Amino acid sequence: MSALPISKLQALEHIANEISQGILVFPASVNAAIKLQKALDDPNCHIEAAIKLVITEPLLSARTVALANSAAFNRSGGPLITNVRTAVMRMGYKNLRALVAATIVRNFGSKIIDVTVRQKAEQLWEHTANVAAFSQAIARRLTYVNADTALFAAIVHEVGSFYLLSRADEFPSLLSDEGENVRLPIMDLINHEVMGQLSIPEPVCTAIDELPKCVLSEEPTTLTDTLLLARHFVKTVSPFSPAVTDASGVVVPASESIGAYVTDNNELNELLSDAEDDIKSMTSALL
């Protein structure tokens, strides 16, 4: 399809209108992963059936084994897993579902032609993988929300941005700055609608929807707090949400509440230092 010469806002409104009508233009690889996700969501899906489904997707099989061998899931330093069956058993259904979600998110960029757009998709995935790794570590050690849920939420928290990148060949203006280099509210609406179409659980959707306007709790305990802190610490920012830096190039916190919490917080520094290997391993496995 040839590119349409319209403004960024017009392109966003066009896509938002499509999604509100249930029209999503997915690559074939995404549709295949969604089919697998729906099968895993079936409470009657037996573990053997799940294993067979994973084996039919070579890339998912490789990532399942890699993730099962990461420090995040092989905390005792046991023997390396070399097959899908054992990997699925070690990870469990919830983490397998998160990995399928990661496959869906990444596959949005599978048909991107433009080199610049592909680079932005890779940047967005690097951002997402880092947020996911930090979220899991922070959930386990600080906020004590379910770590599996935190991992899943982080993987899908920018799914709308991935969808927009998948449409950028058709609508090049999506990548323009056009007046202000900030994330437009309609982009968060699109993110919400895409999550809905992918059947992301409501508690996860709610936590993600709250991110743009949320203030970190004085004592971080929620899923949104977990994601806020994780996004603060990652070095690779989303191309749809540029980082703000001071004169020395240091990234300025997204909100004063986060800056106040992390400044001279020895407990938090020790926590992140203790989790460093887990974070690196999880990031590497997802990438």
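The values are calculated or read from the model by the stated rules, or taken from the named source; none is laboratory data. In this text, all values refer to a predicted model and were calculated from it rather than measured experimentally. Reconstructed Cβ throughout: ideal geometry from the backbone, glycine too, with neighbour counts over all protein chains shown.
Name the single residue, out of those in the range 91-146 being more than 16 Å from the chain's Cα centre (by Cα) and among the charged types (D, E, K, R), that is surrounded by the most Cβ atoms within 10 Å (Cβ to Cβ).
Residue satisfying both the conditions and the ranking: Arg140.
Could you please let me know if Ser61 is in a helix (DSSP H, G or I), buried (at least 23 other Cβ atoms within 10 Å of the Cβ) and on the phi < 0 side of the Ramachandran plot?
no
Has the range 64-78 got at least one residue that is surrounded by 14 or more Cβ atoms within 10 Å (Cβ to Cβ) and farther than 22 Å from Asp277 by Cα?
No - not one qualifying residue is present in the range 64-78.
Starting from the range 9-28, keep only residues that are farther than 19 Å from Asp188 by Cβ, then list their pairs with residues that are among the charged types (D, E, K, R) whose Cβ atoms are within a distance under 8 Å, requiring at least 6 positions of separation or different chains.
Within 8 Å, the pairs are Val25/Glu18; Val25/Arg167; Pro27/Lys111.
Check Ala16, Ala71 and return the single one that is out of contact with any Cys (no Cβ under 9 Å at 6 or more places or on another chain), closer than 21 Å to Thr149 by Cβ and not charged (D, E, K, R).
Unique residue meeting the criteria: Ala71.
Please tell me if Glu170 is over 18 Å from the mean Cα position of the chain (by Cα) and modelled with pLDDT under 90. Talk me through it step by step, then tell me what you get.
On the way: over 18 Å from the mean Cα position of the chain (by Cα): yes; modelled with pLDDT under 90: yes.
For Glu170, the condition - over 18 Å from the mean Cα position of the chain (by Cα) and modelled with pLDDT under 90 - is met.
How many residues does the range 261-287 hold that are part of a helix (DSSP H, G or I), of a type in the set (Gly, Ala, Ser) and in contact (Cβ under 8 Å) with a residue 40 or more places away in the chain?
Final tally of qualifying residues: 3.
Return yes or no: is Lys8 surrounded by fewer than 18 Cβ atoms within 10 Å (Cβ to Cβ) and among the basic types (Lys, Arg)?
For Lys8, the condition - surrounded by fewer than 18 Cβ atoms within 10 Å (Cβ to Cβ) and among the basic types (Lys, Arg) - is not met.
I need every pair where a residue in the range 56-83 that is without any contact (Cβ under 8 Å) to a residue 60 or more places away in the chain has its Cβ under 8 Å from the Cβ of a residue that is among the basic types (Lys, Arg), sequence separation at least 6 or different chains.
Taking only residues 6 or more apart or on different chains, the pairs are Ala68/Arg90; Phe73/Arg90; Asn74/Arg90; Ile81/Arg90.
Quick one: is Glu193 over 24 Å from Met282 (Cβ atoms), at pLDDT below 90 and in a helix (DSSP H, G or I)?
Judged against the criteria, Glu193 is a match.
Can you confirm whether the range 225-234 contains a residue that is assigned by TED's automatic domain parsing to the domain that holds Phe134, modelled with pLDDT under 85 and hydroxyl-bearing (Ser, Thr, Tyr)?
Checking the range 225-234: not a single residue is assigned by TED's automatic domain parsing to the domain that holds Phe134, modelled with pLDDT under 85 and hydroxyl-bearing (Ser, Thr, Tyr).
Quick grid of which residues meet (1) closer than 21 Å to Leu271 by Cα; (2) free of Cβ contacts under 8 Å to residues at least 12 places away in the same chain:
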| site | (1), (2) |
| --- | --- |
| Arg97 | no, no |
| Ile104 | no, no |
| Asp114 | no, no |
| Arg118 | no, yes |
| Trp125 | no, no |
| Ala132 | yes, no |
| Ala137 | yes, no |
| Leu142 | yes, no |
| Glu158 | no, no |
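Can you go through Asn83, Asn69 and tell me which one is in contact with a Leu (Cβ under 9 Å, 6 or more places away or on another chain) and among the polar types (S, T, N, Q)?
Of Asn83, Asn69, the one residue that is in contact with a Leu (Cβ under 9 Å, 6 or more places away or on another chain) and among the polar types (S, T, N, Q) is Asn69.
Please give the number of the condition Val252 fails out of (1) over 21 Å from Ala102 (Cβ atoms); (2) aliphatic (A, V, I, L, M); (3) at pLDDT 80 or above.
If we test Val252 against (1) over 21 Å from Ala102 (Cβ atoms); (2) aliphatic (A, V, I, L, M); (3) at pLDDT 80 or above, just (3) comes out false.
If we scan the range 71-85, do we find a residue that is under 20 Å from Val156 (Cβ atoms), outside the structural domain of Arg140 (by TED's automatic domain parsing) and within 23 Å of the chain's Cα centre (by Cα)? Working first, answer last.
Initial filter on the range 71-85 (under 20 Å from Val156 (Cβ atoms)): 72-73.
Then drop every residue that is not outside the structural domain of Arg140 (by TED's automatic domain parsing), which leaves 72-73.
Applying the additional criterion that residues be within 23 Å of the chain's Cα centre (by Cα) yields 72-73.
Within the range 71-85 (the criterion being under 20 Å from Val156 (Cβ atoms), outside the structural domain of Arg140 (by TED's automatic domain parsing) and within 23 Å of the chain's Cα centre (by Cα)), the answer is yes, since at least one residue qualifies.
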